[in-house]
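Note sheet for the following structure.
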Amino acid sequence: MLFPPASCRRIIVKVGSALLVTPDGEVRTDWLRGLATDLAARRQAGQQVAVVSSGAIALGARRLGLSKGGRACLEDAQAAAAVGQIALSQVWAEVLAAEQLTAAQMLVTLGDLEDRRRYLNASATLDRLLSLGAVPVLNENDSVATEEIRFGDNDRLAARVAQAAGAGGVILLSDIDGLYDRNPALAGARHIPRVERIDDAIMAMADTGSGSGMGSGGMVSKIGAARIANAAGAHLAIASGRIERPLSTERRHSLFVAERSAPARKAWLAGGLTAAGRIHVDAGAAEALARGGSLLAAGATGVEGRFARGDLVAVQGPAGGTIARGLSEYDADDAARLIGRRTADHAEILGHAPRGALVHRDHLALL
(Lines give C-alpha, C1' and ligand atoms only; values in the text may rest on other atoms or scores of the structure.)
Protein backbone atom coordinates (compact mmCIF):
# COMPACT_ATOMS: atom_id res chain seq x y z
CA MET A 1 0.00 0.00 0.00
CA LEU A 2 1.17 3.54 -0.67
CA PHE A 3 -0.22 5.21 2.45
CA PRO A 4 1.21 6.92 4.34
CA PRO A 5 3.85 8.46 2.08
CA ALA A 6 7.38 9.18 3.22
CA SER A 7 6.34 12.80 3.76
CA CYS A 8 4.54 11.72 6.96
CA ARG A 9 7.25 12.16 9.58
CA ARG A 10 5.32 10.17 12.18
CA ILE A 11 2.82 7.38 11.67
CA ILE A 12 0.64 5.27 13.95
CA VAL A 13 -0.13 1.65 13.06
CA LYS A 14 -3.03 -0.07 14.80
CA VAL A 15 -3.11 -3.88 14.83
CA GLY A 16 -6.40 -5.63 15.52
CA SER A 17 -6.79 -8.71 17.72
CA ALA A 18 -7.83 -11.00 14.86
CA LEU A 19 -4.59 -10.24 13.01
CA LEU A 20 -2.27 -10.82 15.94
CA VAL A 21 -3.97 -13.75 17.70
CA THR A 22 -5.45 -16.94 16.23
CA PRO A 23 -8.96 -18.08 17.29
CA ASP A 24 -7.39 -20.55 19.75
CA GLY A 25 -5.33 -17.82 21.44
CA GLU A 26 -1.92 -18.31 19.81
CA VAL A 27 0.20 -15.43 18.51
CA ARG A 28 0.53 -15.31 14.72
CA THR A 29 4.29 -14.99 15.07
CA ASP A 30 5.28 -15.27 11.40
CA TRP A 31 2.83 -12.57 10.38
CA LEU A 32 4.01 -10.34 13.21
CA ARG A 33 7.64 -10.78 12.18
CA GLY A 34 6.72 -9.62 8.69
CA LEU A 35 5.00 -6.55 10.11
CA ALA A 36 8.10 -5.82 12.22
CA THR A 37 10.19 -5.95 9.05
CA ASP A 38 7.83 -3.41 7.48
CA LEU A 39 8.09 -1.17 10.54
CA ALA A 40 11.88 -1.36 10.36
CA ALA A 41 11.75 -0.34 6.70
CA ARG A 42 9.66 2.67 7.64
CA ARG A 43 12.20 3.63 10.30
CA GLN A 44 15.07 3.26 7.81
CA ALA A 45 13.17 5.55 5.44
CA GLY A 46 13.19 8.21 8.14
CA GLN A 47 9.71 7.81 9.57
CA GLN A 48 9.01 7.56 13.29
CA VAL A 49 6.53 4.81 14.10
CA ALA A 50 4.30 3.93 17.04
CA VAL A 51 2.03 0.90 17.30
CA VAL A 52 -1.36 0.55 18.97
CA SER A 53 -1.74 -3.17 19.56
CA SER A 54 -4.82 -5.13 20.54
CA GLY A 55 -4.57 -8.74 21.67
CA ALA A 56 -3.95 -8.70 25.43
CA ILE A 57 -7.39 -10.03 26.39
CA ALA A 58 -7.34 -12.72 23.72
CA LEU A 59 -3.89 -13.90 24.81
CA GLY A 60 -4.71 -13.82 28.51
CA ALA A 61 -8.01 -15.66 28.08
CA ARG A 62 -6.23 -18.69 26.63
CA ARG A 63 -3.68 -18.77 29.42
CA LEU A 64 -6.39 -18.54 32.08
CA GLY A 65 -8.78 -20.92 30.34
CA LEU A 66 -11.57 -18.33 30.17
CA SER A 67 -14.62 -18.81 27.97
CA LYS A 68 -15.82 -16.40 25.27
CA GLY A 69 -12.32 -15.11 24.68
CA GLY A 70 -12.21 -13.54 28.13
CA ARG A 71 -15.19 -11.30 27.45
CA ALA A 72 -17.89 -13.15 29.36
CA CYS A 73 -17.86 -10.42 32.02
CA LEU A 74 -15.86 -7.35 33.01
CA GLU A 75 -13.89 -9.19 35.68
CA ASP A 76 -12.80 -11.86 33.19
CA ALA A 77 -11.70 -9.21 30.69
CA GLN A 78 -9.69 -7.37 33.33
CA ALA A 79 -8.01 -10.56 34.53
CA ALA A 80 -7.27 -11.70 30.97
CA ALA A 81 -5.79 -8.30 30.13
CA ALA A 82 -3.51 -8.38 33.18
CA VAL A 83 -2.08 -11.76 32.14
CA GLY A 84 -2.13 -11.19 28.40
CA GLN A 85 -0.41 -7.81 28.46
CA ILE A 86 2.80 -9.39 29.72
CA ALA A 87 2.78 -11.89 26.87
CA LEU A 88 1.87 -9.21 24.34
CA SER A 89 4.69 -6.87 25.35
CA GLN A 90 7.19 -9.71 25.30
CA VAL A 91 6.19 -10.73 21.77
CA TRP A 92 6.50 -7.16 20.51
CA ALA A 93 9.86 -6.69 22.21
CA GLU A 94 11.21 -9.85 20.57
CA VAL A 95 10.04 -9.20 17.00
CA LEU A 96 11.19 -5.58 17.08
CA ALA A 97 14.54 -6.49 18.61
CA ALA A 98 15.09 -8.91 15.71
CA GLU A 99 14.93 -5.82 13.47
CA GLN A 100 17.28 -3.82 15.76
CA LEU A 101 14.38 -1.75 17.05
CA THR A 102 13.75 -0.89 20.69
CA ALA A 103 10.20 -1.42 21.92
CA ALA A 104 8.65 0.80 24.59
CA GLN A 105 5.41 -0.08 26.35
CA MET A 106 2.75 2.51 27.18
CA LEU A 107 -0.57 1.55 28.80
CA VAL A 108 -3.11 4.35 28.83
CA THR A 109 -6.62 4.90 30.12
CA LEU A 110 -9.36 7.12 28.81
CA GLY A 111 -8.53 9.71 31.46
CA ASP A 112 -4.90 9.89 30.33
CA LEU A 113 -6.01 11.39 27.01
CA GLU A 114 -9.22 13.16 28.07
CA ASP A 115 -7.72 15.15 30.96
CA ARG A 116 -5.71 18.01 29.44
CA ARG A 117 -2.76 17.87 31.83
CA ARG A 118 -2.40 14.09 31.60
CA TYR A 119 -2.80 14.31 27.83
CA LEU A 120 0.12 16.74 27.63
CA ASN A 121 2.22 14.40 29.80
CA ALA A 122 1.45 11.45 27.51
CA SER A 123 2.22 13.63 24.48
CA ALA A 124 5.62 14.59 25.91
CA THR A 125 6.49 10.94 26.63
CA LEU A 126 5.53 9.86 23.12
CA ASP A 127 7.54 12.68 21.59
CA ARG A 128 10.64 11.79 23.58
CA LEU A 129 10.43 8.06 22.83
CA LEU A 130 9.95 8.65 19.12
CA SER A 131 12.76 11.18 18.95
CA LEU A 132 15.06 8.63 20.61
CA GLY A 133 14.26 6.07 17.91
CA ALA A 134 12.13 3.74 20.05
CA VAL A 135 8.89 2.17 18.81
CA PRO A 136 6.19 2.81 21.42
CA VAL A 137 3.66 -0.02 21.63
CA LEU A 138 0.45 1.23 23.22
CA ASN A 139 -2.70 -0.43 24.46
CA GLU A 140 -5.60 0.54 26.66
CA ASN A 141 -5.02 -0.48 30.27
CA ASP A 142 -7.88 -2.99 30.22
CA SER A 143 -6.96 -4.44 33.61
CA VAL A 144 -8.38 -1.32 35.30
CA ALA A 145 -10.74 0.04 32.63
CA THR A 146 -14.50 -0.28 33.13
CA GLU A 147 -17.42 0.14 30.75
CA GLU A 148 -17.85 3.72 31.97
CA ILE A 149 -14.19 4.78 31.68
CA ARG A 150 -12.71 3.18 28.59
CA PHE A 151 -12.07 3.89 24.94
CA GLY A 152 -13.92 0.69 24.09
CA ASP A 153 -11.83 0.04 20.98
CA ASN A 154 -8.28 0.64 19.83
CA ASP A 155 -9.33 2.39 16.61
CA ARG A 156 -10.20 5.59 18.44
CA LEU A 157 -7.27 5.10 20.78
CA ALA A 158 -4.96 5.04 17.74
CA ALA A 159 -6.46 8.31 16.50
CA ARG A 160 -6.00 9.98 19.88
CA VAL A 161 -2.42 8.68 20.04
CA ALA A 162 -1.80 10.17 16.59
CA GLN A 163 -3.08 13.48 17.86
CA ALA A 164 -0.91 13.34 20.98
CA ALA A 165 2.16 12.34 18.95
CA GLY A 166 1.64 14.91 16.22
CA ALA A 167 1.50 12.13 13.62
CA GLY A 168 0.61 12.80 10.00
CA GLY A 169 -0.83 9.37 9.23
CA VAL A 170 -2.71 6.51 10.84
CA ILE A 171 -3.12 2.99 9.47
CA LEU A 172 -5.83 0.77 10.93
CA LEU A 173 -4.87 -2.79 10.02
CA SER A 174 -8.01 -4.85 10.27
CA ASP A 175 -9.84 -7.87 8.88
CA ILE A 176 -11.42 -5.70 6.16
CA ASP A 177 -9.82 -3.67 3.39
CA GLY A 178 -11.76 -0.49 3.91
CA LEU A 179 -15.16 1.15 3.81
CA TYR A 180 -17.98 -0.19 1.63
CA ASP A 181 -21.25 1.51 0.77
CA ARG A 182 -23.04 -1.32 2.59
CA ASN A 183 -22.12 -4.46 4.47
CA PRO A 184 -19.44 -6.07 2.25
CA ALA A 185 -21.13 -9.45 2.71
CA LEU A 186 -24.09 -8.15 0.70
CA ALA A 187 -24.24 -8.49 -3.09
CA GLY A 188 -23.22 -5.38 -4.98
CA ALA A 189 -21.28 -3.80 -2.10
CA ARG A 190 -18.97 -1.09 -3.48
CA HIS A 191 -15.57 -0.29 -2.01
CA ILE A 192 -14.97 3.40 -1.18
CA PRO A 193 -11.28 4.16 -1.85
CA ARG A 194 -11.22 7.81 -0.73
CA VAL A 195 -13.29 9.92 1.64
CA GLU A 196 -12.81 13.67 1.49
CA ARG A 197 -15.41 14.51 4.14
CA ILE A 198 -17.17 12.44 6.79
CA ASP A 199 -20.86 13.32 6.50
CA ASP A 200 -24.16 11.58 7.24
CA ALA A 201 -23.93 9.57 4.01
CA ILE A 202 -20.55 8.14 5.04
CA MET A 203 -21.77 7.35 8.56
CA ALA A 204 -24.77 5.51 7.08
CA MET A 205 -22.40 3.10 5.36
CA ALA A 206 -20.89 1.88 8.62
CA ASP A 207 -21.55 -1.57 9.99
CA THR A 208 -21.13 -1.97 13.75
CA GLY A 209 -20.11 -5.63 13.60
CA SER A 210 -16.61 -6.93 14.28
CA GLY A 211 -16.07 -9.73 11.81
CA SER A 212 -13.64 -11.74 13.90
CA GLY A 213 -15.61 -11.83 17.13
CA MET A 214 -12.39 -11.10 19.05
CA GLY A 215 -12.19 -7.35 18.59
CA SER A 216 -14.42 -4.58 19.86
CA GLY A 217 -14.36 -2.14 16.95
CA GLY A 218 -16.54 -2.29 13.85
CA MET A 219 -16.73 0.23 11.02
CA VAL A 220 -18.52 2.78 13.21
CA SER A 221 -15.50 2.96 15.50
CA LYS A 222 -13.15 3.22 12.52
CA ILE A 223 -15.03 6.16 11.05
CA GLY A 224 -15.08 7.72 14.51
CA ALA A 225 -11.31 7.29 14.59
CA ALA A 226 -11.00 8.90 11.16
CA ARG A 227 -12.99 11.90 12.36
CA ILE A 228 -10.62 12.35 15.34
CA ALA A 229 -7.48 11.88 13.25
CA ASN A 230 -8.64 14.18 10.46
CA ALA A 231 -9.49 16.93 12.98
CA ALA A 232 -5.88 16.78 14.13
CA GLY A 233 -4.56 16.99 10.57
CA ALA A 234 -3.71 13.30 10.20
CA HIS A 235 -4.82 11.19 7.25
CA LEU A 236 -6.22 7.77 8.16
CA ALA A 237 -6.32 4.56 6.15
CA ILE A 238 -8.35 1.42 6.81
CA ALA A 239 -6.54 -1.54 5.28
CA SER A 240 -6.59 -5.30 5.45
CA GLY A 241 -3.88 -6.95 7.48
CA ARG A 242 -4.76 -10.40 6.14
CA ILE A 243 -1.74 -10.43 3.91
CA GLU A 244 1.95 -10.89 4.61
CA ARG A 245 3.95 -7.67 4.91
CA PRO A 246 0.84 -5.43 4.99
CA LEU A 247 2.77 -2.14 5.07
CA SER A 248 4.89 -2.87 2.01
CA THR A 249 2.39 -4.66 -0.22
CA GLU A 250 0.27 -2.39 -2.37
CA ARG A 251 -3.38 -3.32 -1.84
CA ARG A 252 -6.60 -1.37 -1.94
CA HIS A 253 -7.66 0.52 1.15
CA SER A 254 -9.90 3.42 2.17
CA LEU A 255 -8.20 6.74 2.81
CA PHE A 256 -9.87 9.42 4.92
CA VAL A 257 -8.23 12.67 3.90
CA ALA A 258 -7.45 15.31 6.48
CA GLU A 259 -8.11 18.94 5.74
CA ARG A 260 -6.15 21.73 7.33
CA SER A 261 -5.00 20.86 10.83
CA ALA A 262 -6.76 22.57 13.72
CA PRO A 263 -4.72 24.26 16.49
CA ALA A 264 -3.55 21.66 19.01
CA ARG A 265 -5.92 22.70 21.79
CA LYS A 266 -8.96 22.70 19.50
CA ALA A 267 -7.95 19.36 17.99
CA TRP A 268 -7.84 17.93 21.51
CA LEU A 269 -11.31 19.33 22.23
CA ALA A 270 -12.75 17.95 18.99
CA GLY A 271 -11.23 14.51 19.54
CA GLY A 272 -12.55 13.97 23.05
CA LEU A 273 -14.79 10.99 23.73
CA THR A 274 -16.39 12.14 26.97
CA ALA A 275 -18.32 15.21 28.11
CA ALA A 276 -19.52 16.31 31.53
CA GLY A 277 -22.76 17.67 30.11
CA ARG A 278 -24.63 19.03 27.11
CA ILE A 279 -25.93 22.42 26.04
CA HIS A 280 -28.71 22.40 23.44
CA VAL A 281 -28.91 25.30 20.99
CA ASP A 282 -31.32 26.64 18.39
CA ALA A 283 -30.71 27.04 14.67
CA GLY A 284 -29.54 30.64 15.02
CA ALA A 285 -26.88 29.73 17.56
CA ALA A 286 -25.74 26.78 15.43
CA GLU A 287 -25.28 29.15 12.48
CA ALA A 288 -23.34 31.61 14.64
CA LEU A 289 -21.01 28.85 15.82
CA ALA A 290 -20.43 27.76 12.22
CA ARG A 291 -19.31 31.32 11.45
CA GLY A 292 -16.77 31.21 14.28
CA GLY A 293 -18.78 32.82 17.06
CA SER A 294 -19.03 32.01 20.75
CA LEU A 295 -22.01 30.20 22.26
CA LEU A 296 -24.22 32.85 23.85
CA ALA A 297 -26.95 32.06 26.36
CA ALA A 298 -29.62 33.67 24.15
CA GLY A 299 -29.24 30.85 21.64
CA ALA A 300 -29.25 28.00 24.17
CA THR A 301 -32.43 25.98 24.70
CA GLY A 302 -31.49 23.49 27.40
CA VAL A 303 -28.79 22.11 29.71
CA GLU A 304 -28.05 18.50 30.67
CA GLY A 305 -25.61 17.03 33.17
CA ARG A 306 -23.73 18.20 36.23
CA PHE A 307 -20.72 20.19 35.11
CA ALA A 308 -18.54 22.89 36.62
CA ARG A 309 -16.86 25.87 35.02
CA GLY A 310 -14.01 24.65 32.83
CA ASP A 311 -15.54 21.21 32.22
CA LEU A 312 -15.85 19.87 28.70
CA VAL A 313 -19.41 20.02 27.35
CA ALA A 314 -21.00 18.91 24.10
CA VAL A 315 -23.09 21.38 22.11
CA GLN A 316 -26.17 19.76 20.61
CA GLY A 317 -27.72 21.27 17.49
CA PRO A 318 -31.46 21.63 16.83
CA ALA A 319 -31.48 18.28 15.01
CA GLY A 320 -30.02 16.53 18.06
CA GLY A 321 -26.48 15.78 16.86
CA THR A 322 -23.32 17.09 18.51
CA ILE A 323 -22.06 20.05 16.50
CA ALA A 324 -19.27 21.28 18.78
CA ARG A 325 -17.37 20.63 21.99
CA GLY A 326 -15.95 23.21 24.33
CA LEU A 327 -15.11 24.29 27.86
CA SER A 328 -18.04 25.75 29.77
CA GLU A 329 -17.70 29.24 31.24
CA TYR A 330 -20.37 28.43 33.86
CA ASP A 331 -21.42 25.56 36.07
CA ALA A 332 -24.59 23.71 35.10
CA ASP A 333 -26.89 25.52 37.56
CA ASP A 334 -25.88 28.99 36.43
CA ALA A 335 -25.97 27.99 32.77
CA ALA A 336 -29.52 26.73 33.21
CA ARG A 337 -30.56 30.06 34.76
CA LEU A 338 -29.20 31.95 31.75
CA ILE A 339 -30.83 29.83 29.04
CA GLY A 340 -32.47 32.02 26.40
CA ARG A 341 -31.57 35.28 28.14
CA ARG A 342 -29.73 38.24 26.67
CA THR A 343 -26.18 38.96 27.84
CA ALA A 344 -27.34 42.32 29.23
CA ASP A 345 -29.63 40.47 31.68
CA HIS A 346 -26.99 38.14 33.11
CA ALA A 347 -25.70 40.37 35.93
CA GLU A 348 -29.18 40.87 37.34
CA ILE A 349 -29.96 37.12 37.13
CA LEU A 350 -26.71 35.94 38.72
CA GLY A 351 -26.06 38.81 41.09
CA HIS A 352 -22.48 39.24 39.93
CA ALA A 353 -20.52 40.33 36.87
CA PRO A 354 -21.01 37.58 34.29
CA ARG A 355 -18.80 36.19 31.57
CA GLY A 356 -19.82 37.01 28.03
CA ALA A 357 -20.58 33.51 26.74
CA LEU A 358 -21.58 30.05 27.87
CA VAL A 359 -18.67 28.70 25.78
CA HIS A 360 -16.13 31.13 24.34
CA ARG A 361 -15.01 30.57 20.77
CA ASP A 362 -11.37 30.29 21.88
CA HIS A 363 -12.32 27.20 23.89
CA LEU A 364 -14.70 25.63 21.37
CA ALA A 365 -14.14 23.23 18.47
CA LEU A 366 -16.66 22.53 15.72
CA LEU A 367 -17.25 18.92 14.66
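The values are calculated or read from the model by the stated rules, or taken from the named source; none is laboratory data. Predicted model, so just to flag it, every value in this text is computed and none were measured. For neighbour counting, all protein chains shown are included, and Cβ atoms are generated from backbone atoms with ideal geometry for every residue, glycine included. Side chains included, ligands, DNA and RNA excluded: accessible areas come from the protein's heavy atoms. Shrake-Rupley method; radii C 1.70, N 1.55, O 1.52, S 1.80 Å.
Out of R265, R325, which single residue is in a strand (DSSP E or B), over 19 Å from P354 (Cα atoms) and of a type outside the set (D, E)?
Of the residues listed, the single one that is in a strand (DSSP E or B), over 19 Å from P354 (Cα atoms) and of a type outside the set (D, E) is R325.
Does G241 satisfy the criteria of being assigned by the TED database to the domain that holds I223 and open to solvent by less than 10 Å² (accessible area, probe 1.4 Å)?
yes
Is segment 20-34 home to any residue that is assigned by the TED database to the domain that holds A239, at positive phi, surrounded by 14 or more Cβ atoms within 10 Å (Cβ to Cβ) and in contact with a Lys or Arg (Cβ under 7 Å, 6 or more places away or on another chain)?
Yes, that holds for at least one residue.
Identify, by number, the condition in (1) out of contact with any helix residue (DSSP H, G or I) (no Cβ under 9 Å at 6 or more places or on another chain); (2) buried (at least 16 other Cβ atoms within 10 Å of the Cβ); (3) under 11 Å from H280 (Cα atoms) that A332 doesn't meet.
The number of the failed condition is (3).
Given the options R291, R325, name the one that is open to solvent by 50 Å² or more (accessible area, probe 1.4 Å) and not acidic (D, E).
Only one candidate passes the filter, namely R291.
Being open to solvent by 20 Å² or more (accessible area, probe 1.4 Å), in the same structural domain as V170 (by the TED database) and within 23 Å of S123 (Cα to Cα) is true for just one of Q78, Q48. Which residue is that?
Just one listed residue meets the conditions, Q48.
Tell me which residues, restricted to segment 270-310, are in a loop (DSSP other than H, G, I, E, B) and closer than 16 Å to L338 by Cα.
Correct list: D282, S294, L296, R306, F307, A308, R309.
Filter segment 172-191 down to the residues that are surrounded by 16 or more Cβ atoms within 10 Å (Cβ to Cβ), in contact (Cβ under 8 Å) with a residue 40 or more places away in the chain and not small (G, A, S) and list them by number.
The answer is L172, L173, D175, I176, D177, L179.
Could you please let me know if R156 is basic (K, R) and either in a loop (DSSP other than H, G, I, E, B) or touching a helix residue (DSSP H, G or I) at 6+ places or on another chain (Cβ under 7 Å) (or both)?
Yes.
List the pairs whose first member sits in segment 337-356 and is in the same structural domain as G302 (by the TED database), whose second member is surrounded by 15 or more Cβ atoms within 10 Å (Cβ to Cβ) and of a type in the set (S, T, Y), and whose Cβ atoms are under 9 Å apart, counting only residues at least 6 apart or on separate chains?
R337/Y330; L338/Y330; L350/Y330; P354/Y330; R355/Y330; G356/S294
Select from segment 245-275 the residues that are touching an Asp or Glu at 6+ places or on another chain (Cβ under 8 Å) and surrounded by fewer than 18 Cβ atoms within 10 Å (Cβ to Cβ) and write down the one among them that is nearest to D177 (Cα to Cα).
Checking each candidate, the answer is R252.
Can you name the residue in segment 85-144 that is assigned to a helix (DSSP H, G or I), in contact with a Ser or Thr (Cβ under 9 Å, 6 or more places away or on another chain) and β-branched (V, I, T) and is also least open to solvent (accessible area, probe 1.4 Å) among such residues?
V95
Among what's in segment 56-71 and is surrounded by fewer than 18 Cβ atoms within 10 Å (Cβ to Cβ) and at pLDDT below 90, pick the residue that is farthest from L138 (Cα to Cα).
Taking the candidates together, the pick is K68.
Suppose we filter segment 145-157 for residues that are open to solvent by less than 40 Å² (accessible area, probe 1.4 Å) and modelled with pLDDT of 90 or more; how many remain?
3
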